[in-house]
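Q: The structure's right below; bear with me while I get my questions together.
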Amino acid sequence: QVQLVESGGGLVQAGGSLRLSCAASGNIFSINNMGWYRQPPGKQRELVARITSGGSTNYADSVKGRFTISRDTAKNTVYPQMNSLKPEDTAVYYCRAIVNNYIYWGQGTQVTVSS
């Protein structure tokens, strides 16, 4: 079995920063894309950022220039650094990874940005 364990969510004031992390563990033979999605209240889940095994990244337009995703391949961990947070970034953030050619999701972590 494979698990994705997330940490780092919480409450922050607008303009502040948070760093999330997502660690994959279990019977891992290969990890392709790792990334983060979010689901704001009353809205659909959307891509925030993702990074491939080769290090290529892509970001949602709404977070470009503010969020940076990085990956520690040895630890099977991905880190989104979120700066200049805005109230509209408030959402449940979910880690997603393609492990052994299957898609796995984390349990979600709440990020709340107060104005």
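Okay, residues lined up against (1) among the basic types (Lys, Arg); (2) modelled with pLDDT of 95 or more; (3) crowded, with 19+ Cβ neighbours inside 10 Å; (4) touching a helix residue (DSSP H, G or I) at 6+ places or on another chain (Cβ under 6 Å):
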{"residue": "Gln1", "(1), (2), (3), (4)": "no, no, no, no"}
{"residue": "Gly42", "(1), (2), (3), (4)": "no, no, no, no"}
{"residue": "Ala49", "(1), (2), (3), (4)": "no, yes, yes, no"}
{"residue": "Ser53", "(1), (2), (3), (4)": "no, no, no, no"}
{"residue": "Val63", "(1), (2), (3), (4)": "no, yes, yes, no"}
{"residue": "Lys86", "(1), (2), (3), (4)": "yes, yes, no, no"}
{"residue": "Ala91", "(1), (2), (3), (4)": "no, yes, yes, no"}
{"residue": "Ile103", "(1), (2), (3), (4)": "no, yes, no, no"}
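Q: Now for a separate question. I need the full set of residues from the range 90-109 which are part of a strand (DSSP E or B), over 15 Å from Gly10 (Cα atoms) and within 12 Å of the chain's Cα centre (by Cα), in order please.
A: Result: Cys95, Arg96, Ala97, Trp105.
Q: Given the criterion assigned to a strand (DSSP E or B) and farther than 15 Å from Thr112 by Cα, identify the matching residue among Leu11, Leu4.
A: Leu4
Q: Looking only at the range 4-13, which residues are open to solvent by less than 40 Å² (accessible area, probe 1.4 Å) and farther than 17 Å from Gln81 by Cβ?
A: Hit for the range 4-13 is Leu4, nothing else.
Q: A further question on this structure: Considering only the range 14-40, how many residues are hydrophobic (A, V, I, L, M, F, W, C), part of a loop (DSSP other than H, G, I, E, B) and surrounded by fewer than 21 Cβ atoms within 10 Å (Cβ to Cβ)?
A: Residues that pass the stated criteria total 3.
Q: Additional query: Select from the range 73-84 the residues that are within 14 Å of the chain's Cα centre (by Cα) and open to solvent by 50 Å² or more (accessible area, probe 1.4 Å) and list them in ascending order.
A: Scanning the range 73-84 gives Gln81, Asn83.
The values are calculated or read from the model by the stated rules, or taken from the named source; none is laboratory data. Note that the structure is predicted; figures quoted are calculated from it, not measured. Every residue, glycine among them, receives a Cβ derived from its backbone with ideal geometry; neighbour counts consider all protein chains shown. Side chains are part of the model used for accessible areas, which takes the heavy atoms of the whole protein and leaves out ligands, DNA and RNA. Shrake-Rupley method; radii C 1.70, N 1.55, O 1.52, S 1.80 Å.
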